[in-house]
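This report refers to the structure that appears directly beneath it.
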């Protein structure tokens, strides 16, 4: 490390000054469409009516400057424009853009930004303070080696995520083919509808003979909400070490990432434990957002969530979870969710009245042979992503301070 040089961000970068008034929904970045915890970006929901915005280019690092504790950061993979609440860094010739991006990914950077932030309800990073962040800068060849190590891990994470997106699309396609288009295999192994399968009239239109229409309440064994989010949940976490699932935790990566570290004892909390095949759904804030629990977890959930236990003799949980992803169900939930834009609430009694087609148990089981195989691969890939993320995050500070050499 004798040839590493201690300096500050201000020595290796400055803020991008190029401006534009031309925006494209596909390339516009604001703090709203940057994801927390270094999750990158999603497509913007809308564009501002007017104003001037900062140009960014492929390879530049963008950081949200509002509420820095959310750790919103993205390395651009295209050219576009960003809002004035997003910092876009323009590098000098002493640093490689990929190394710079990973250097700012360190938690110590976001802590430094917060230490100099102004405001309480919506803290904003101080631009001059940010440029004082210290950096231990290795030679360019070592910068490249460090970035290559971390990029290789990120590339594998991205590959797994794309594979899972593909697999989820396949599962949706199978669901549509079997349970919407009614082209499931008949006794001859041919598509039912195309091969002249018999249909009967129902209130939801023509359905295959032997199928029926029911309500969501007909296929659910029971529902219950969780621990009081303000009073009981923090006490449980403190006294037992159990983690408590919240609305913002409704993603497989968060749930699978060593969720909880203690055994659920035979006590009052047992009934709130997350069990395999539970469907956990948000009933406030983001009504209808849900996750299918894929294995028993030593964790509980709070009362912003609804646990749905499926009657497996009527409907398989995987198939019901695919129904919950349909536009019809999403639209139905939107229609029964009242309240303010800040606090929407789903009317649970109304939700149970949702009308759906219930296929015969045997037909569902045949579909599950395909869907379960897909689900297992998705789960395996998600667990691998968690391991890769932990490896990357543990290596990051060690590579950046020279403790581990690339």
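The values are calculated or read from the model by the stated rules, or taken from the named source; none is laboratory data. Everything quoted here is computed from the prediction, not taken from an experiment. In this analysis, Cβ positions are derived from the backbone assuming ideal geometry, glycine residues included, and neighbour counts consider all displayed protein chains.
When 174, 207 are checked against the criterion of being modelled with pLDDT of 95 or more, under 28 Å from the mean Cα position of the chain (by Cα) and surrounded by 14 or more Cβ atoms within 10 Å (Cβ to Cβ), 174 stands alone in meeting it. So is residue 329 outside any loop (DSSP other than H, G, I, E, B), surrounded by 18 or more Cβ atoms within 10 Å (Cβ to Cβ) and at pLDDT below 90 or not? Taking the combined requirement at face value, the residue does not satisfy it.
A Cβ distance below 7 Å, combined with a sequence gap of six or more or placement on separate chains, defines the contacts here; from the stretch 298-310, residues that are farther than 17 Å from residue 345 by Cα and in the same structural domain as residue 234 (by TED's automatic domain parsing) reach residues that are at pLDDT 90 or above and not in a strand (DSSP E or B) in the pairs 309/278; 310/219; 310/277; 310/317; 310/320. Of everything listed in (1) in a helix (DSSP H, G or I); (2) in the same structural domain as residue 23 (by TED's automatic domain parsing), the single unmet condition for residue 145 is (2). The residue list 93, 97 contains one member that is assigned by TED's automatic domain parsing to the domain that holds residue 69, closer than 30 Å to residue 25 by Cβ and over 22 Å from the mean Cα position of the chain (by Cα), which is 97.
Taken as a whole, the stretch 151-160 holds no residue that is closer than 19 Å to residue 11 by Cβ and either over 24 Å from the mean Cα position of the chain (by Cα) or not assigned by TED's automatic domain parsing to the domain that holds residue 36 (or both). Restricting to the stretch 266-286, give me the number of residues that are under 23 Å from residue 333 (Cβ atoms) and modelled with pLDDT of 90 or more. So the count comes out to 6. In the stretch 100-142, of all residues being assigned to a loop (DSSP other than H, G, I, E, B) and exposed (fewer than 14 other Cβ atoms within 10 Å of the Cβ), the one that is nearest to the chain's Cα centre (by Cα) corresponds to 122. Got at least one residue in the stretch 148-171 being outside any helix (DSSP H, G or I) and touching a residue at least 60 places away in the same chain (Cβ under 8 Å)? Checked the stretch 148-171: no residue is outside any helix (DSSP H, G or I) and touching a residue at least 60 places away in the same chain (Cβ under 8 Å). Where strands (runs of 3 or more DSSP E) sit wholly within the stretch 4-93, none has at least 3 residues that are surrounded by fewer than 13 Cβ atoms within 10 Å (Cβ to Cβ), out of contact with any strand residue (DSSP E or B) (no Cβ under 8 Å at 6 or more places or on another chain) and at pLDDT below 95. Name the residues in the stretch 204-219 that are part of a loop (DSSP other than H, G, I, E, B) and within 16 Å of residue 316 (Cα to Cα), would you? 211, the sole residue that qualifies. Would a scan of the stretch 230-250 turn up a residue that is under 23 Å from the mean Cα position of the chain (by Cα), within 30 Å of residue 179 (Cα to Cα) and part of a loop (DSSP other than H, G, I, E, B)? The answer is yes; a qualifying residue exists. Scanning the stretch 177-192 for residues that are in contact with a helix residue (DSSP H, G or I) (Cβ under 9 Å, 6 or more places away or on another chain) and surrounded by fewer than 19 Cβ atoms within 10 Å (Cβ to Cβ) gives 183, 185, 191. Answer with yes or no whether residue 403 is exposed (fewer than 14 other Cβ atoms within 10 Å of the Cβ), on the phi < 0 side of the Ramachandran plot, assigned to a helix (DSSP H, G or I) and not assigned by TED's automatic domain parsing to the domain that holds residue 226. Taking the combined requirement at face value, the residue does not satisfy it.
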